[in-house]
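Trainee: Handing you a structure now.
The values are calculated or read from the model by the stated rules, or taken from the named source; none is laboratory data. Just so it is clear, the structure is predicted and the values come from calculations on it, not from any experiment. Heads up, the Cβs are rebuilt from the backbone with ideal geometry, glycines too, and the neighbour counts pull from every protein chain shown.
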Amino acid sequence: MKYITVVLLLGLVVGVISGIVLSAFVGLDISAISKEEAGNKALTYITTNILEPQGLSAELANVEEYGNDLYIVNLKIKDNNKTIQDAAIFITKSGESVILGRIVNITGEM
């Protein structure tokens with residue numbers, strides 16, 4: 001049940017936030033925070049606001065640049081220290097907004 005709740009929450013937020021955040025930051029010159037700071041910021045936000053209320057936790061796997069304006073933060077979602085799901089969280093390089101879920105490039109072949 002917890003797994004389904006996490007998946008549903010991530011999917012719902014993707015649709016709402018993706019368009020707003022991405023369109024707001026296209027072409028803007030913003031000050032970037034470090035990958036490490038971005039990872040810690042995303043981890044803290046997700047853990048505090050989504051996972052802990054459900055009795056879950058997360059561990060930071062890695063952080064990579066994604067395009068010009070985003071980092072992708074890879075997390076391991078855990079229940080009683082057992083990994084139950086891998087999750088990708090996008091955070092703007094300014095560190096001000098997160099996008100939960102997946103961004104799909106629709107210009108290439110599937």
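Here is a yes/no grid of residues against (1) in contact with a Ser or Thr (Cβ under 9 Å, 6 or more places away or on another chain); (2) farther than 19 Å from N80 by Cβ; (3) at pLDDT 60 or above; (4) not β-branched (V, I, T):
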| site | (1), (2), (3), (4) |
| --- | --- |
| K2 | no, no, yes, yes |
| V6 | no, no, yes, no |
| L9 | no, yes, yes, yes |
| L12 | no, yes, no, yes |
| S18 | no, yes, yes, yes |
| S23 | no, yes, no, yes |
| K35 | no, yes, yes, yes |
| A38 | yes, yes, yes, yes |
| A42 | no, yes, yes, yes |
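Trainee: Would you mention how many residues in segment 93-104 are at pLDDT 70 or above and over 17 Å from N49 (Cβ atoms)? Before the answer, list the steps.
Mentor: First pass over segment 93-104, keeping only residues at pLDDT 70 or above: 93-100.
Of the ones still in play, those that are also over 17 Å from N49 (Cβ atoms) are 93-94.
Number of matching residues: 2.
Trainee: Name the one entry in N68, N62 that is within 17 Å of I33 (Cα to Cα), under 14 Å from the mean Cα position of the chain (by Cα) and surrounded by fewer than 16 Cβ atoms within 10 Å (Cβ to Cβ). Break it down stepwise before answering.
Mentor: Numbers: N68 fails: under 14 Å from the mean Cα position of the chain (by Cα).
The match here is N62.
Trainee: Does segment 85-94 contain any residue that is in contact (Cβ under 8 Å) with a residue 40 or more places away in the chain, out of contact with any Ser or Thr (no Cβ under 6 Å at 6 or more places or on another chain) and not in a strand (DSSP E or B)?
Mentor: Scanning segment 85-94 turns up at least one residue that is in contact (Cβ under 8 Å) with a residue 40 or more places away in the chain, out of contact with any Ser or Thr (no Cβ under 6 Å at 6 or more places or on another chain) and not in a strand (DSSP E or B).
Trainee: Still on this model: Considering segment 41-62 alone, what residues qualify as being small (G, A, S) and assigned to a strand (DSSP E or B)? Before the answer, list the steps.
Mentor: Going residue by residue through segment 41-62, those that are small (G, A, S) are 42, 55, 57-58, 61.
Within segment 41-62, S57, A58, A61 meet the criteria.
Trainee: Which of the numbered conditions does T92 fail, given that it passes all the others? Conditions: (1) buried (at least 21 other Cβ atoms within 10 Å of the Cβ); (2) in contact with a Lys or Arg (Cβ under 8 Å, 6 or more places away or on another chain).
Mentor: Condition not satisfied by T92: (2).
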